[in-house]
Structure formats: C-alpha cells, structure tokens
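Chemist: Take a look at the following structure, please.
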Amino acid sequence: MVKQKLIQITTYFLMVILLTGCWDQISIEEHGFVVGSAIDKANDYSDENMNLSLTNQIVSPAGLGTPAGGGNNKSPFVNVTATGTSIFTINRNMVQEISRAPFYEHVRLLIVSEEVAREPEIFASILDIFIRDQEMRRGIKIMIAKNKAKELLEIKPEPEQLPVRYLDMISDNNYKSIDMIDPVTLGNVHDFLLNNKSYVLPKISLSENEVDYKGAAVFHGLNDNMVAELTAQETKGMNLVKGDVNGGVIKFKVEDHVMTFELEGAKSKIKIDPKDPKNMDISVNVEVEGRLAEMYGSKTLLDPSYLSKIEEKVAKKIEKLANQTIDKAQKEMKLDIFDFDKILKQKHYSIWKRIKKDWEDGENYFANSRIDVSADVQIRETGATNRAKGKRHE
Amino acid sequence: MKRFKHADELISEREIMIAIPSFVIGVGVLTFSKDMAAVTIAADGWIPILIGGIIAIMITWIVAKLASSFPNQTFLSYASCIVTKPVALVLTFLFAVIASQLAVLQIREIADISKQYIFDRTPVEVIALTFLLVVVYAVAGSRVGLLRLNMMFFPIILVISLLVIVFSLNRFEWNHLFPMLETDFTGYMKGLRSAIFSYVGFGILWFYTVLVKKPKKVPKKAVIGMCIPVGLYLFIYVSIIGVFGNAVTSNLLFPTIELAKGVEIPGEIFERFESVFFTIWIMAIFNTTAMALDICVFALNSIFKNVQKYKILFVLSPLVYANAMYPQDLIEVYTYGTIVGYITFGYTVFVALLLLVVGKLRGVKPIG
Amino acid sequence: MSVVARRVKRKQNVIQNSNKQEENKQKENFSITIYKELDKNITNLKKMLGEPIDLVVRPFTVRGTEHKCAIAYIDGLVNDDLIHSHIMKNVQLETERKQLPDEKVKLFEVINNEIISASTEKGYTLDDLSNALLNGDTIFYLDGIDKVLLIDTRGWESRAIEEPDSETVIRGPREGFVENIQTNLVLLRRHIRDPNLRLKKHYIGRRSKKTIAVTYVDGIINPDIVKEVDRRLRAIDMDDAPGVGYIEQWIEDSFLSPFPQLINTERPDKVSAALLQGKLAIFLDGTPLVLVLPATFGNALQSPEDYYERWTIGTLIRGLRYLAAFISVFLPALYVALVSYHPGMIPQKLAFSIAATREGVPFPPFIEALLMTITMELLREAGARLPTTIGQTIGIVGGLVIGEAAVQAGIVSPIMVIVVALNAIASFAIPSYSVAISFRILLFGFLIASAVFGLFGIILAYIMINIHLVNLKSIGVPYSTPFAPTFLRDWNDLIFRSPIPLISRRPKYLQAEDEKSGNTGGKNL
C-alpha cells in the first residue's frame, strides 16, 4: 500500500511538472497596464471605410515613482493610438506598436467622442468587446467627449499624475452636483443596450485645458446613437424629476436678493395614470430638503413667513427647471429620458406590455402624455447665523 | 468496552446532511440564474426555484426513507431483494454510468470556465487533466475521508457565497424585482424544469446511506441538507436579479461570477473578487466531481466484488477524461449537460418509484 | 495498519535471530546460566562484557561466617554512597548483630529481605545481570547460590531542571523535563496525584535497552489507544533509540505525511494536561522530550500559554496563530500567483508600485521567491546550529545585509523581501518547531503549484492537502478532527478558546471513558 501511494504521488508530481509549461505566466512588470481608453474617428474615416482610432493610456510604473524614491523625469504614462475597423483589429495593431501587451483589467474609464457616438450602431458595437471580454470590469465608467476624446487623455492634471485618474476622481467627487448625472458604468450601459430604450450618458469637454464635466448626452435606444444633448441647466431639471439628487445648489432671487439653496436630497414621487395610453397623466412631486447656503440682504430668517416665502421661491425655481427639461424631452427629442417607462413596467405591467412599442417610437405616447411637476421644499437649516450683516437703519 | 466509533469506516448523519448540498452545489450555481431569468419576468424566477426545491426535498425524503429502511445494505443488495438480482445489477450499472457522466460534465465545465476566467493560453485539456488527477487522488483515498472532506469545504463555500451576496447589497436595486408575478404559466413550467435539474443530487443517498451509523436519522437530515441549496439558490437568484435586472441576467453566461466580479471589498485589499470567488468555488465543484466519480466506482465495485477499487478507478479515469474532452464547444457541453440533467433526474425518480411500487407489490419487508 | 503488521512479523524474525545469538554465546567460553560457584560466575560475567575497564568486582566475606560473596557494578553508573552505606556497610555490620542462619539459601533470603535496604530484584540468567549492570544496578553474588541480587544503585550526573528553551511561556510553570526518566516521571506525578495514573515500562533498543515509560490515566483514556500503542511499541526493532524521534518514526501512522502525527514536548504541564484529556504520553530515558499522542491538526497550533491567559487573550492569540499558519504556508505562493498570473486582482496603485519595483529584476517572480525562501531556510538552519551569540550575528548579516544588498543589486524586488520576511516571522510564531518545519515544506509545494497554475494551482494543492488530512490518522484518531469528522462541541477549544469553566468535557474525538472533566482537564495541549 505504501508503494502504491508512493507511485501515485510521484506520478502526480511528474505529470504536473512535465505536462505544463506555465502558459499564462507573465510577470507583472511586463504588462502594459491600460487605465483608460478613448475612441475617436480616425482621420481617414469615411462611410465606406469606418476607421476608428483607439487611444490607450498605458501606465509606465517606473514613471509614477515610489514614495521614497521621489520622481524621476520619466513620464508616468504613454498614450498609444492605433486605428482599425474594429476594436479587436485595433488591439492587434496596437500590440505591434508597443513592447508591452495591453492589459485591460485595470481600465477605469472609457471616453467616446461625440462624433463616434452620433453614428448609428457603432457605439453599441464598440462596447460589445468591452462587455464581452472578461478582462474588463463592469464598473468601467463611460463618458462622451464633446471634441476629440484623445485630447482628454493628454491633459496635464495637478496634483494627479495620470489624466485618467484625474477624470475618474472628478466624476466621483462631482456626484454632489445636480448639473451632471451620476457616473454611468459599462454594466449600466449593458442594461441600456439590452432594453432598447433611450438613455443618458455624462458628457465631458475640454476647453482651454480646463476639463468641464457637465451636461449629458442623450442616446436613442434603437440605433444606440447620440441624438441630443442636455445642458447643465437641463440636466438639473432631469435629475430633479428623477429624484436622483445627492446634493447641488439652486440659485434664485427673493426680493432682488440672490440666494443660494443647497440641496441635501430630493425624492420624487411619480404617479402615472395609464388608463388612456394616448393621453397619459403623469404627476411628479419633488420633495426637496436642504439648507440656505448663502444669502445677500439682511432680512431675518427667523421670521416664519419670510422662510416660507423663500421655500416657495425655491419650489417655483425647481418646477421651472423641471418643466424646461420636460419640454425639451417631449417636444424636441421625443425621448423618455426620465425613465417613466420603468415605472410603467413595474407598476402597470399589463398596460406596458401593450404600449411598449409605441412609447418612444411610433405613436410616441411619451410625447403626448401630460406631465405635471410640483415641488415641496423644506429648509432644514439656515446656517450658523441669522444675519451676517447688520440691519440697515431704515 | 468503547470502540473508536469515528475511526470506523462509518459516517455520522451530519456528514450525509452536508454531503447532499455539497453534491448539489456545483457548476450549476454559476449558470442557473441565466436560464431562469430568460423564461421568467423580473424576479419571478424565485417561484420555480422554490417549488422545484420543494419537489426535490420531497424526492430526497422518499429516497432517504427507502434507502434507510435497509440498514447496512448496499443499493445492490436491497435492490436485488426487491426486484430480482439481474434487474438490480442493471440498475446499479446505470447509476454508475450516470454518475460518471455527471463527473464528466463537471470536469469539462470547470475547465471551460477556468479557461475563461483565470487562464488565457493554458489548454483546456491540461486544466481538466490536473483537476481530474486531484479528483482521482481523493477517490483513491477512503470513501469516508471523501465525505469528511465535504465538512471541511462546505463552510468555506457557504461563507464565500454569503460574502458575495452581502457585498452586493449596495448595488441592489429594489426596482429590478418588479413587476412581480407577471410570468405566465408556461414560463413557470420552463423555469421549474431548469430549477429541478439544478437540484439533481439526491441520488447519492442510494449509495451513501449504507455508510451512515444511524440510518434512521438519515431522512430528516437529508431533508435539512437539501434545504441548504434551495435557500442558497433563492438568495443568489434574488441578489443577481436585484443587481443586474432581468434583461442583463439572461444575457450573462455566468451571472453568479459576474455578481462576484462587481464586488468591492471595503478597504480594497484586493480587486476582482470573482477570481477569489471562482477559485474557492472550485472546491464546491471538486466535491461534486469527486463524489460523482466515487459513486461510479462504488457502484461498479458492488457489481464486480472481486476487483480492487484502485483497478476500477485507474481504468475509469482515462475514460472519464476522454469523455470530458469529447464535446467540441460550449454549446455542445451545454446541450449535453441538459440531457444528462434530464436523465439523472428521470432515472432517480424512476428507480425510487420502481422500488417503492415493486416493493409494495411483492411485499418485501425492510429489514431492521 | 499493514505497516505495523509487517513490523510485527519482522519482530518475530528478530526474536528467532536473537535465539541464534544466544546459541552463539554458549559456543564461546562463557555460559549464560548462573552457577553456584562464585568464581565461575565472576569469570563468566567478565568474559561476557569483555573485561571492560569500568567493571568493578569486589569480593568479600560476610562477617562472622565463611560465606564468600561479591558485588559487581559499573563505575560511574552507580551512586558510590549507596554502595558503601547500603551494601558494604549493612552486609558487614548488620550481619554481625543478627543471628544468621548457616544455610546458604536462607542466608541469601535474609540478606535480601532484611539487610539490604535498597530495592532489589532477583536475577536468574546472565542476560538479566548484564541488563541490570548496564542500567546502573549492582550485582550481589553469594557463593553457593545460583541466583543473584540486583540492587538498584543507579546514580549519575544529571542536568538540573530548567525551563525548556524551545517552548517558553510567559505565564506558566518554568520547569521542563530532563534527560533522566526517573526525574521526569516524578515531575509528572507532581502534576497528577491520581492513583489511576499508570506508568508502564517497556524496553526499547536491542542493544541499548533503553527504558521507556508509557503513561496514561486509567479511567479517562480510551483503552483502545493504550492497546494500539502497546502493539506498535512491540513492533519496534532497532539497536538504540537516542531520541524520541526514533520512536515517533516507528509508531506514526504515515511516514509519507508532511504533518507531525505525534506531539513532542518538554513541558510537564503540557503532558499532564494532555493525559487528563485522555491522551497518552511516552517517556524515553535519555531525552527531555516526551511524545504525546494521539495528535490532531488543531493541536499543532496550540500552546499551554493559551490557557494561562484569560480567554479573550487566549482566543485572540489562537486566531493570530491561525493567521500565522496561513501566512507561513500561503503568502509567497499567493504573491507569485497574483504577480505572475492575476495582476488584475492587485489594487491599481499597489499593482503599479509592485510593477515599478520589479522593473529590472532579472528573474520571474517564482524563481525570485524560491531564491529568497531557500536563503531564508539556510539562515534559519545556520542560526539553529550555532551558539546563540553567533546565531544572532547570522540573523543580522543574513536579514539585513543580504536583503539590503540583494535589493540594491536589483536581484530581488523589495516587496519580495517583505513577503519572505513576513513569511519567516509568521512561521516563527507557530509554537511547535516540528509543525513550523512541516508548514515550510508545504510552502514549497504551494509555491510550485502557484508557479504552474496560479490561483488554480494553489486551490488544487490546498484540496490535495485536505484530502491527505482527512485520510490521515494518528493512532487511529482522524487527524483532521474536530473539523472533520465534526464534533461541534470540541470547537469550544479550537480556534475559539472558551473560558476555562465552560470547557467542562473532555474532547469528544478522544472517546474518553470518563467524558466529564474537572476544569483542569479541559486543557487541550
């Protein structure tokens, strides 16, 4: 029995060692760590030859410097661009350009230029490889660049060393603003693509070396191309309707004094009355809480009537913002960017099944529905002081 | 004088309680949500999972009751008592064939998934061979040791599944669970069909009950054991739907691994949790494979009494390997898996009914 | 068990062989029987031992009679005082006062029963004599009697009782076993004052005839363990047992296993706790180490210290030790797997800094790890064999100078140095040397597995180790218990160490006869 065991064990080890050749072993420093990618139209793009260019930001770890070693003069990253008709061929071309094979497991960011996003169907096909390849994470953030996406990877950010990390952090930190939408990940987009419904992605632009992360790009669900965009103000309205607010400010005027209201949270209650699909009633009630961050003028805030007056003004402003966006969505874009369809699906499934096809297309029930917005505002605090400025002698 | 009970070649009823979920939980967990989401709406898949679970628990109880009413008898011996010996031999042989096919499937699928998630260039053949060698090493050891191995691995498997579920809670969206109960009847039936295949595993009771010290306790413990995968499947399914939504889930090849992929460990000690999850899940798949192969050897050994266990094993394993490498691509593996699932389930139920009915008709009294 | 069976068979052969040897002896000029004539006996004895220089034979006559008698002993093995005061003096003085019978047989009995006050045995063959002589006994011959008296006069230089170096504790007794088995058994008795404490004597070693004592507490221990140990001890056949390691290797269940299947200890408190739990201890003369068995995997990571501290501390220390075990087995393998197979699993920033430090290192991570761990082993081995003062120098030279220089020269990356150092520290945190060493063996196994298959290899290797563990037994008790077979009750003293008053039962896996224990017995080694 002992002999048997010995033979067993030795054969096992021999087989393991002889049969394998460490096929997949690549030392960590031999990887070209891609942290972010940008997709643009290639210079020779034409309708027959849909050449795209992919720029990968590849980190050169030695350039990052070690905490103790301090900086050397090596650049912390290299941007490598390659062109081709599909991402896969681009990748193959790229391998010839650099010594280290691109390694995508650390990708954080994918920027697609507006040009590319506006072409029908290309956007979805680009994303296919990102979703399909198991190296990619579903948490990769996707942004739409106003101009060339590549330029965004070339900024010189301070104090970060990597442009991608800078962009990534901006999108994370700015979630406390209602001028922009929450970062959208690859996983979210996968969901959007599968549901054939319009969706919104964050927009980013570069003006005079300043990164501007505001506004949003609206995509049509059928062709998955960008069809419209929302300005910062319009994005605000959309976020308020969706109740998708973690923070942000609203400026308004009371008796000619400019005041700033800081949102601490908003909830929106959406009720849909789907009895008559051709003429649906959608009521949106936005409940906002927040504090007065800044006020010009010297009136006391301890006066309840004055406070309620302010609250009313804020509510008005919110309604105005929301209606502005709703108008645009219904009349210009004719796309349901507020995800009302989700509520229909969840709460009125049988009706939704019937009208699904005609919600954004065909009859376009969305554009014909009546949307009514009301806002309730609660000012929780007024700050540490009643007045910052003494009363003028009147 | 006291004997060294635990050193005997017998197991306690607790070990059989863990053996059942260890056998049931295998590759199936990684894929079942996809099939389920495809045929149901939103999170409605939980209903077929639950009903399928209850059916599986009932069958488990029947099998356990039947097997435990013949204490200290192997399947072959009590089967030949009820239906004649030649029939019993055929039944046992078919069990051996089915068990070997289950092992084949597990080996093939683990090799494919490993290839996809962990390896890039390493050939599937090598991955499968290495895995099979470890399985053979386990089966070559004592049978009781194999069942005890379940006790070592199962808690780890449960913990890692719970970790994945808990760390996914922050991505959980209630909206994804609605609308509820909108699936039509055919959808439920289709869901039930795939749910039941995920629960195939009660067949091990036919063979392992003979090893249990107190067989009378087996039915109760087996039922408890069967409840574990039912609960786990429910939790995993609901979390997956909650995180991804129905549409995405039905388009992911391995939703459970993708669920783990999104997990972010607080403190960011390491990333890509799916590698850890899958690595640990290999233990679950190993348990299933080893027990399947062991039952195959066990069944064959009860037919060929004079042949050594090692000889059977060493003849069998190359066959299993060749068989596992036979399907050409994922789709073939998938179809093959469905067929084996059907057969295993059907056959286990058939044998249970056959033994019950014939036993009643011929009035075979259980001994003891 | 077949190994043991084969050993028993071999043992029978040996007995036949030794019969042949005795025949040979008779062919030479001496005979093994004891004659009535004193001179003949003494010549026989001298011839058998080959007239060694340290054999002292002192003939004299019983005072007041004509009876010739003699004593023989080996110089240095006996206590000279005893010989002078108890034998010579008594035989000379006492005989004077007493009315001695004239008949020789009666005289012999009187001397045996009344005059010599030390413990005596009777010897009938020359073999008895030589055994006794070499054990430090003194032989008393009386002319005309074909029997001899064997008087226990053992006494030689022995080390003082000190705290064992290899197993120090902070809050616990400071005594350790010594090389003298008598002293050791006394130390044990002082811990367990129970009439049921059994000490069974065996002789081991065909030539060295070492005494070993099998000790256990009757009424607690499962008799099967005693029987099994007895059977295995009988199968032992070797010339000498210089240390318990020899016995361990004879009686362990599997010599292929990397795990120690018996516990070695120098601490009386540890042994007594184990005995009260239902275990068995084997003492060997000439070594301070005692074998305790059966052992389980859980025992490998326990130290008496766990029980001397309060339970919170005890539990935390246990947890720390399991962590140490994990690190000492897995860390380098995990590092190699992550760095060369799954860089995606390393957090982004860390991945970049590892990549930056590895830039320019000429070896792949596996070779790097292998180099460093082997260097570590060399340092450890070198340090262990040197006197403490030089040993420390080795540590400094090795750890600081070589590590620093290797990094500077770009042969290894600094992170690898951290990994290996952490790994070494973790393995020193394991309380038992033999366990720590076997973990180091596993480390190399895992390292190879991870170099070949990455995480997949590590998990397969882990599964293999577990398969081995569940199949392994220590004197019939499964090694992996109470993990599997699971005894949930025993988990109160496994990773979690519950308060002493709550450990009210002896471990279930030992199947003790008396399951209930006083609080003291709850100690698990």
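Chemist: When the residues of the range A:15-29 are filtered to those that are surrounded by fewer than 17 Cβ atoms within 10 Å (Cβ to Cβ) and more than 10 Å from chain B (Cβ to nearest Cβ), which remaining residue is modelled with the lowest pLDDT?
Modeler: A:LEU18
Chemist: Can you name every residue in the range A:309-351 that is farther than 30 Å from A:PHE261 by Cα and either free of Cβ contacts under 8 Å to residues at least 24 places away in the same chain or of a type in the set (Ser, Thr, Tyr) (or both)?
Modeler: Scanning the range A:309-351 gives A:LYS342, A:LYS345, A:GLN346, A:TYR349, A:SER350.
Chemist: Return only the number of the condition from (1) within 14 Å of chain B (Cβ to nearest Cβ); (2) in a helix (DSSP H, G or I) that C:ILE418 does not satisfy.
Modeler: Answer for C:ILE418: the failing condition is (1).
Chemist: Please give the number of the condition B:TRP61 fails out of (1) buried (at least 20 other Cβ atoms within 10 Å of the Cβ); (2) within 30 Å of C:THR481 (Cα to Cα); (3) out of contact with any Gly (no Cβ under 9 Å at 6 or more places or on another chain); (4) modelled with pLDDT of 90 or more.
Modeler: If we test B:TRP61 against (1) buried (at least 20 other Cβ atoms within 10 Å of the Cβ); (2) within 30 Å of C:THR481 (Cα to Cα); (3) out of contact with any Gly (no Cβ under 9 Å at 6 or more places or on another chain); (4) modelled with pLDDT of 90 or more, just (1) comes out false.
Chemist: Scan the range B:176-204 for residues that are at pLDDT 85 or above and either over 24 Å from the mean Cα position of the chain (by Cα) or among the basic types (Lys, Arg) (or both) and jot them down.
Modeler: Correct list: B:HIS176, B:LEU177, B:ASP184, B:PHE185, B:THR186, B:GLY187, B:LYS190, B:ARG193.
Chemist: While we're looking at this one, here's another question. Tell me which residues, restricted to the range A:105-151, are part of a loop (DSSP other than H, G, I, E, B) and touching a Pro at 6+ places or on another chain (Cβ under 8 Å). Steps first, answer last, please.
Modeler: Taking the range A:105-151 as the starting set, the residues that turn out to be part of a loop (DSSP other than H, G, I, E, B) are A:107-108, A:119-121, A:133-140, A:146-148.
None - no residue of the range A:105-151 is part of a loop (DSSP other than H, G, I, E, B) and touching a Pro at 6+ places or on another chain (Cβ under 8 Å), so the list stays empty.
Chemist: Now for a separate question. Within the range C:511-524, can one find any residue that is within 14 Å of chain B (Cβ to nearest Cβ), surrounded by 24 or more Cβ atoms within 10 Å (Cβ to Cβ), closer than 19 Å to C:ILE220 by Cα and in contact with a helix residue (DSSP H, G or I) (Cβ under 8 Å, 6 or more places away or on another chain)? Working first, answer last.
Modeler: Kept after step one, since they are within 14 Å of chain B (Cβ to nearest Cβ), are these residues of the range C:511-524: C:511-515.
Now narrow it down to the ones that are surrounded by 24 or more Cβ atoms within 10 Å (Cβ to Cβ): C:512.
Add one more test, that the residue is closer than 19 Å to C:ILE220 by Cα, and what stays is C:512.
In the following step, the residues that additionally are in contact with a helix residue (DSSP H, G or I) (Cβ under 8 Å, 6 or more places away or on another chain) were identified as C:512.
Within the range C:511-524, one or more residues are within 14 Å of chain B (Cβ to nearest Cβ), surrounded by 24 or more Cβ atoms within 10 Å (Cβ to Cβ), closer than 19 Å to C:ILE220 by Cα and in contact with a helix residue (DSSP H, G or I) (Cβ under 8 Å, 6 or more places away or on another chain).
Chemist: Let me ask something else. Out of C:VAL292, C:VAL271, which single residue is assigned to a helix (DSSP H, G or I) and touching a helix residue (DSSP H, G or I) at 6+ places or on another chain (Cβ under 9 Å)? Break it down into steps so the answer makes sense when it comes.
Modeler: Numbers: C:VAL292 fails: assigned to a helix (DSSP H, G or I).
None of the others qualify; the one that does is C:VAL271.
The rows are residues; the columns are (1) touching a Gly at 6+ places or on another chain (Cβ under 8 Å); (2) not polar (S, T, N, Q).
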{"position": "C:SER119", "(1), (2)": "no, no"}
{"position": "C:ASN131", "(1), (2)": "no, no"}
{"position": "C:ASN135", "(1), (2)": "no, no"}
{"position": "C:ILE145", "(1), (2)": "no, yes"}
{"position": "C:ILE151", "(1), (2)": "no, yes"}
{"position": "C:ALA160", "(1), (2)": "no, yes"}
{"position": "C:GLU163", "(1), (2)": "yes, yes"}
{"position": "C:VAL169", "(1), (2)": "no, yes"}
{"position": "C:GLU175", "(1), (2)": "no, yes"}
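Chemist: A further question follows. Show me the helices (runs of 4 or more DSSP H) found entirely inside the range B:1-99 where at least 1 residues are within 14 Å of chain C (Cβ to nearest Cβ) and within 28 Å of C:PRO482 (Cβ to Cβ).
Modeler: B:13-24
Chemist: Could you grab me the full set of residues in the range A:186-218 that are touching a strand residue (DSSP E or B) at 6+ places or on another chain (Cβ under 8 Å), assigned to a loop (DSSP other than H, G, I, E, B) and of a type outside the set (Lys, Arg)?
Modeler: Listed by number, the residues that qualify are A:SER198, A:TYR213, A:GLY215.
Chemist: Also, quick follow-up: State the number of residues belonging to the range C:462-489 that are in contact (Cβ under 8 Å) with a residue 40 or more places away in the chain and either in a helix (DSSP H, G or I) or touching a Ser or Thr at 6+ places or on another chain (Cβ under 9 Å) (or both). Before the answer, list the steps.
Modeler: Let us first name the residues in the range C:462-489 that are in contact (Cβ under 8 Å) with a residue 40 or more places away in the chain, namely C:468-469, C:472-483.
Add one more test, that the residue is either in a helix (DSSP H, G or I) or touching a Ser or Thr at 6+ places or on another chain (Cβ under 9 Å) (or both), and what stays is C:468-469, C:472-474, C:477-483.
Residues that pass the stated criteria total 12.
Chemist: Have a look at C:ILE212, C:ILE204 and point out the one that is surrounded by 15 or more Cβ atoms within 10 Å (Cβ to Cβ), modelled with pLDDT of 90 or more, among the β-branched types (Val, Ile, Thr) and outside the structural domain of C:ILE83 (by TED's automatic domain parsing). First the steps, then the outcome.
Modeler: On the way: C:ILE204 fails: modelled with pLDDT of 90 or more.
After applying the criteria, what remains is C:ILE212.
Chemist: When the range C:189-236 is examined, which residues are found to be in contact with a Pro (Cβ under 7 Å, 6 or more places away or on another chain) and of a type outside the set (A, V, I, L, M)? Explain how you work it out, then say what you get.
Modeler: Narrowing the range C:189-236 to residues in contact with a Pro (Cβ under 7 Å, 6 or more places away or on another chain): C:191, C:225.
Matches in the range C:189-236: C:HIS191 only.
Chemist: Step by step: first the residues of the range B:255-267, then only those that are at the interface with chain A (Cβ under 9 Å from one of its Cβ atoms) and in contact (Cβ under 8 Å) with a residue 40 or more places away in the chain, then the one that is nearest to B:THR31 (Cα to Cα). Which residue is that? So that I can check it myself, show each step before the final result.
Modeler: The first filter runs over the range B:255-267 and keeps only residues at the interface with chain A (Cβ under 9 Å from one of its Cβ atoms), leaving B:257-258, B:261-262, B:264.
Now restrict to residues that are in contact (Cβ under 8 Å) with a residue 40 or more places away in the chain: B:257, B:262, B:264.
Working: B:ILE257: 9, B:GLY262: 17, B:GLU264: 22 Å.
Ranking the qualifying residues of the range B:255-267, first place goes to B:ILE257.
Chemist: Same structure, new question: Out of all the residues in the range A:152-185, which are β-branched (Val, Ile, Thr), surrounded by fewer than 21 Cβ atoms within 10 Å (Cβ to Cβ) and in a helix (DSSP H, G or I)?
Modeler: Passing the criteria: only A:ILE170.
Chemist: Looking at C:SER474, C:SER480, C:SER450, which one is buried (at least 23 other Cβ atoms within 10 Å of the Cβ) and at pLDDT 90 or above? Steps first, answer last, please.
Modeler: Numbers: C:SER474 fails: at pLDDT 90 or above; C:SER480 fails: at pLDDT 90 or above.
Exactly one of C:SER474, C:SER480, C:SER450 is buried (at least 23 other Cβ atoms within 10 Å of the Cβ) and at pLDDT 90 or above, namely C:SER450.
Chemist: Looking at (1) farther than 29 Å from B:ILE196 by Cβ; (2) modelled with pLDDT of 85 or more, which one does B:TYR342 not meet, given that it meets all the others?
Modeler: Result: B:TYR342 fails condition (1) only.
The values are calculated or read from the model by the stated rules, or taken from the named source; none is laboratory data. Computed from a predicted model, the values in this text were never measured in an experiment. Note that we place each Cβ from the backbone using ideal geometry, even for glycine, and neighbour counts take in every protein chain shown.
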